[in-house]
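Contents: one structure, followed by commentary.
The values are calculated or read from the model by the stated rules, or taken from the named source; none is laboratory data. Just so it is clear, the model here is predicted, and its values are computed rather than measured. All Cβ positions, glycine included, derive from the backbone under ideal geometry; neighbour counts span all protein chains shown. Remember, those area values only see protein heavy atoms, side chains included, never the ligands or the DNA or RNA. Shrake-Rupley method; radii C 1.70, N 1.55, O 1.52, S 1.80 Å.
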Amino acid sequence: MISFYPGPSRIHNDIPKYMMDACGSGILSENHRSEAFVALTKECMGSLKEKLNIPEEYWIFFTTSATECWHILANSFQAIPSFHIFNGAFGEKWFETSQCLKGNAGFLRFEREEEINIFQIPHQRGILCLTHNETSNGTEISEETLSAIRARFPESLIMIDATSSMGGVVLNFAAADVWFASVQKCFGLPAGLGVMICSPAALEKAAQLKNNKEYDSMINLYEKMKLWQTPCTPNVLGIYLLAKIAGGMEEISLTDKKLRSQANDYCSLLTSTNTIQLLVKNEKVRSKTVIAVQSQPEIIRNIKIAAREKGLLLGNGYGELAETSFRIANFPSILPEEIDVLKQFLKFY
Ligand SMILES: *Cc1c(COP(=O)(O)O)cnc(C)c1O
């Protein structure tokens, strides 16, 4: 079965080999205060920074998932109001999590086909939360919009959920203070590990607030990462795999170019099909990494069954779009020949 599911997604071809290497290397029996673990963390951070172009002064932390990052951020910035701007299910869940844990979250919902109108964002000095790539509906926030938000709110901490785009497309890390993702999307790894990338400004604020009674806090992560370690026993296998995959990754601008060209090919195909269409019509907001396809519920149901019979696993529609859409992951680990098989299948619809 070839998986086009947008998370957990098709794992990278080298994962089986690296898993065996991890078992053979002894690292899985080392504790997380050992020299071997410290060396692994350094290797992983070095490769991520180099391959993704993360600014030198930013810090990277290991978490268990993107969902845990929502919790860590709420725990770490309790007194600071957060304002969530979203158009889909993941952005909304992050808002709900913040509101539940801190009680001082606000939101602005925008339309799926629209770019964010930055003049609708109220002026404040708190936290702005954005979902770079809304996995549920196949939209993304453009680099221009992110830069415009950064320029208009220089004193806010800008936090970005980039779970289904980090590792696939170029991100301008300097335009925000916190970026996070889980590894089972664009990185093509098994689930159970997240990364959170933080600016000096975010760390300084977290240090001032000292919200570290909750174990799951940025400041606890920071204190331990100064020693290249984690507060709790981490997913060492996941970190090992991430270090190896990141080490072998090509420069992100090349991956970005490849994914854009593949996304364009999907889009031209889906504008010539009769019964299925692109869900997102406005190309300015259309995701490069998650292609959402729309049709009547019956066609969606049938196409998913027919795809399975051909060995192709399509991503179900998400939330309110469950019955009227399916999703195609356009992640780096999916091979060109696999994409060709899917395109051959889709073109008759
Ligand atoms: C998948 C996803 C999440 C949740 O990731 P977990 O690893 O399950 O915590 C959060 N946000 C976005 C945008 C996602 O695509």
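Okay, here's what the table says:
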{"item": "Those lysines that a straight Cα-Cα span of less than 16 Å connects to Lys17, excepting residues fewer than 8 apart in one chain", "result": "Lys244"}
{"item": "Accessible surface of the chain, 1.4 Å probe, proportion on carbon and sulfur as whole %", "result": "52 percent"}
{"item": "Among Thr64, Thr324, Thr275: highest mean-square fluctuation, GNM of the chain, C-alpha pairs under 10 Å", "result": "Thr275"}
{"item": "Measure of compaction for the stretch 66-106 (Cα Rg per 2.2 N^0.38 Å)", "result": "1.02"}
{"item": "Accessible area of the chain divided out per residue, in Å², using a probe of 1.4 angstrom", "result": "42 Å²"}
{"item": "Cross-link table Lys258/Lys343; Lys51/Lys258; Lys310/Lys347; Lys51/Lys205, entries beyond 18 Å C-alpha to C-alpha", "result": "Lys51/Lys205"}
{"item": "Segments 25-37, 182-194, 7-19 sorted - mean Cβ within 10 Å per residue, highest first", "result": "182-194, 7-19, 25-37"}
{"item": "Of all DSSP beta bridges in the chain, antiparallel share, percent nearest 5", "result": "50 percent"}
{"item": "Hull shadow area, averaged, the stretch 1-68 [alpha-carbon convex hull, nm²]", "result": "6.7 nm²"}
{"item": "Lysines with Cα under 19 Å of Lys210, excluding same-chain neighbours fewer than 8 positions away", "result": "Lys102, Lys224, Lys226"}
{"item": "Average Cα contact separation per residue, the chain, under 8 Å, 6 or more apart, as relative contact order %", "result": "26 percent"}
{"item": "Of Ala292, Ala162, Ala89, the one that fluctuates the most in a GNM where the chain has Cα springs shorter than 10 Å", "result": "Ala89"}
{"item": "The chain: Rg to Rh, with Rh as the Kirkwood radius over Cα pairs", "result": "0.97"}
{"item": "Relative contact order (%) - criterion: Cα under 8 Å, at least six apart; region: the stretch 273-349", "result": "35 percent"}
